[in-house]
Amino acid sequence: MVRRRHSTVEIDAKLRQGDAMHREGISKIRIAEALGISPMTYHRWLAARKASGATIADAIVASPEIVTASGDRDVTSRNSELELENARLRRLLTDTMLEKAALQESARKRN
């Protein structure tokens, strides 16, 4: 069997289909076969959703369409903001480390 990663959108869609099939009384093994995944993968997805206390809408990992708690931005825009902030902080850290190295070098030359 070829191993492949499913996107969060695919996982969410398959879990929704599985929930509908489960309500019809179909066994989990048959659901997994119908969805084209292994029963263990289906079990892991269900366990992850249950452990996180998530609903079907935010199963496994939040998909990009889900709105954050503030209600004004989606996850992808928040992620890009965090990536920009992370880049700025890295630059600040690098500059500080360079200044520290220069100060240490000048202190060594004085002694």
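Just to be sure before I move on: is LEU98 under 22 Å from the mean Cα position of the chain (by Cα), part of a helix (DSSP H, G or I), modelled with pLDDT of 85 or more and of a type in the set (A, V, I, L, M, F, W, C) in the structure I sent? Steps first, please.
On the way: under 22 Å from the mean Cα position of the chain (by Cα): no; part of a helix (DSSP H, G or I): yes; modelled with pLDDT of 85 or more: yes; of a type in the set (A, V, I, L, M, F, W, C): yes.
It is false that LEU98 is under 22 Å from the mean Cα position of the chain (by Cα), part of a helix (DSSP H, G or I), modelled with pLDDT of 85 or more and of a type in the set (A, V, I, L, M, F, W, C).
Filtering segment 1-35 down to residues that are over 12 Å from LEU46 (Cβ atoms), small (Gly, Ala, Ser) and not in a loop (DSSP other than H, G, I, E, B), which residue is most open to solvent (accessible area, probe 1.4 Å)?
Out of the qualifying residues, it is ALA34.
One line per residue, one yes/no per condition, for (1) of a type in the set (Phe, Trp, Tyr); (2) at pLDDT 75 or above; (3) open to solvent by 80 Å² or more (accessible area, probe 1.4 Å); (4) closer than 23 Å to MET21 by Cα:
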site	(1), (2), (3), (4)
THR41	no, yes, no, yes
ARG44	no, yes, yes, yes
ILE56	no, no, no, yes
ASP74	no, no, no, no
LEU82	no, yes, no, no
ALA87	no, yes, no, no
THR94	no, yes, no, no
ASN111	no, yes, yes, no
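The values are calculated or read from the model by the stated rules, or taken from the named source; none is laboratory data. Because the structure is predicted, anything quoted here is derived from the model rather than measured. Note that we place each Cβ from the backbone using ideal geometry, even for glycine, and neighbour counts take in every protein chain shown. In case anyone asks, the SASA skips ligands and DNA or RNA and just uses the protein heavy atoms, side chains included. Shrake-Rupley method; radii C 1.70, N 1.55, O 1.52, S 1.80 Å.
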